[in-house]
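The values are calculated or read from the model by the stated rules, or taken from the named source; none is laboratory data. In this text, all values refer to a predicted model and were calculated from it rather than measured experimentally. Cβ coordinates were reconstructed from backbone atoms using ideal geometry, including for glycine residues, and neighbour counts include every protein chain displayed. The accessibility values were calculated without ligands, DNA or RNA, using every heavy atom of the protein model including side chains. Shrake-Rupley method; radii C 1.70, N 1.55, O 1.52, S 1.80 Å.
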Amino acid sequence: MTPNTDRNQQLFDRAKALIPGGVNSPVRAFRAVGGTPRFVQRAQGPHFWDANGKRYIDYIGSWGPMILGHGHPAVVEAVQRAVLDGFSFGAPTEREVDLAQAIIDLVPSIEMVRLVSSGTEAAMSAIRLARGATGRSKLIKFEGCYHGHADALLVKAGSGLATFGNPTSAGVPPEVVQHTLVLEYNNIQQLEEAFALHGPELACLIIEPIAGNMNFVRASVPFMRRCRELCTQHGALLVFDEVMTGFRVALGGAQSIYARDIPGFAPDVTVLGKVIGGGMPLAAFGGKRAVMEMLAPLGPVYQAGTLSGNPVATACGLATLNEIRKPDFYDQLAAKTRSLATGLQAEADAQGVAFASDCEGGMFGFFLLPELPQNYPAVMKSDGARFNQLFHGLLDRGVYIAPALYEAGFVSSAHGDDDIAQTLQAAREVFAEGFGARVSGESAARP
Ligand code: KE4
């Protein structure tokens, strides 16, 4: 299709004149992989159709929220009913109470919860809450983990362990990130040294328990056990960023998986998003009652939001949670995801392509590497150009994976065996091409 008949390109050209980069969130611009972003006209089940009317099997699902696929009838009906009763009130509603109850029922470590509108807002508020609850300023995050774009979290590792982070974005003054310590994921020695140096000053440690912003890297059980022990020992709060993994890898989130190996394991605060909104702007943070009651209007930690607990978004989220809590939902979803991940592995192995894949629940990842990386430097050894070739080879064949090698993939309950089969056939053809011509893209790293 030539650019002048390609409606995606036409729309992209228009968008770039009006919206920075032509998108409302950077990763959508395809800058890491090159090429023209697909403008979605509509979606249904596991598929979406672009501006040219071409169908794709969707493994992004809005970056996680669409665990039921697009347009699930029960969710559509709930939203249609809700909008007839009003879009937004700026006043409490029963559905907010019902959604809070559902989250608390499903995530035992959460005794109280506050609803907000985005994962960034939830993570930012959780950090402020941890600082307010402990009276401390410093925090630990890990290289490769992304917790939204709040200033204090846009940080890359300092020059050495004891030094605090440097901003990853213009516009973030160094003094804002001076309290943020960036460590290597899965590095127990660094963790212990950091707590030995700064333990009494640490308000919290925030972590993605399965790092979907490094594509798919699991925190090892020994590492996670030490995070919990050291936070407890030093009076810092363990903050689990489950915006991506919450209700995605298991009904109880990643924390329920670690609790299988670490008796009594629980974070102090959990950040949620994506799935709990079912595709509408809704996120949350919650934890121990004593900590959560530090929040305004009860306590001294201020946090607020015009659209927090929005009645249409809560209807969408509740309808989604009602579906995923049905018996066997995750067993069936996990089996589907495993068939995709193991199938891709088999296709790569058959062609002698260095490939490593992993999955949990409805979330999967893969690397064009001989083995699964355990940290960010290892992830970034991936060959970006080969990934871009794979990305475009799949895209041309109607398979839509994340346009960046550091992003995870998502399977919904709507994906069928035929979708998985078509995907594996597409991968087989691309691998057989031997990754011919290379498509250039910008640096593969999230800025
Ligand atoms: P939002 O502010 O984008 O709703 O959530 C921020 C966030 C927080 N924590 C984790 C673990 C996250 O993955 C995210 C956002 N995820 C990205 C994709 N990896 C959203 C896609 C985008 O930035 O456009």
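If only residues of region 311-359 that are charged (D, E, K, R) and in a helix (DSSP H, G or I) are counted, the one that is surrounded by the fewest Cβ atoms within 10 Å (Cβ to Cβ) is Asp331.
For region 201-216, indicate whether the set of residues that are over 18 Å from Glu143 (Cα atoms) and in the same structural domain as Met292 (by TED's automatic domain parsing) is non-empty. So far as region 201-216 goes, yes, one or more of its residues are over 18 Å from Glu143 (Cα atoms) and in the same structural domain as Met292 (by TED's automatic domain parsing). Being of a type in the set (Phe, Trp, Tyr), at pLDDT 95 or above and under 19 Å from the mean Cα position of the chain (by Cα) holds for only one residue in Phe329, Phe355, Phe367, and it is Phe367. Checking each residue in region 199-213 for being open to solvent by less than 20 Å² (accessible area, probe 1.4 Å) and either outside any strand (DSSP E or B) or within 15 Å of the ligand (Cβ to nearest atom) (or both) picks out Gly199, Cys204, Leu205, Ile206, Ile207, Glu208, Pro209, Ile210, Ala211, Gly212, Asn213.
If the condition is being over 19 Å from the mean Cα position of the chain (by Cα) and within 16 Å of Ile110 (Cα to Cα), then region 229-273 contributes Leu237, Ala259, Gly264, Phe265, Ala266, Asp268. Pro267 meets each of the listed conditions (1) touching a residue at least 40 places away in the same chain (Cβ under 8 Å); (2) farther than 22 Å from Ile206 by Cα; (3) not in a helix (DSSP H, G or I) apart from (2). For region 384-400, indicate whether the set of residues that are modelled with pLDDT of 95 or more and assigned to a loop (DSSP other than H, G, I, E, B) is non-empty. Among the residues of region 384-400, at least one is modelled with pLDDT of 95 or more and assigned to a loop (DSSP other than H, G, I, E, B), which makes the answer yes. Mind checking which residues of region 174-198 are open to solvent by 40 Å² or more (accessible area, probe 1.4 Å) and more than 21 Å from Asn375 (Cα to Cα)? Pro174, Glu175, Val176, Gln178, His179, Ala196, Leu197, listed by residue number.
Every condition in (1) farther than 17 Å from Cys145 by Cα; (2) within 23 Å of the chain's Cα centre (by Cα) is met by Leu183 except one, and the failing one is (1). Applying the criterion of being farther than 26 Å from Gly384 by Cα and more than 16 Å from the ligand (Cβ to nearest atom) to the residues of region 7-29, the residue that is most open to solvent (accessible area, probe 1.4 Å) is Arg14.
Listed here are the strands (runs of 3 or more DSSP E) enclosed by region 30-122 that have at least 3 residues being open to solvent by 60 Å² or more (accessible area, probe 1.4 Å): 40-44.
Taken across region 123-143, residues that are in contact (Cβ under 8 Å) with a residue 12 or more places away in the chain, surrounded by fewer than 19 Cβ atoms within 10 Å (Cβ to Cβ) and among the aliphatic types (A, V, I, L, M) do not occur at all.
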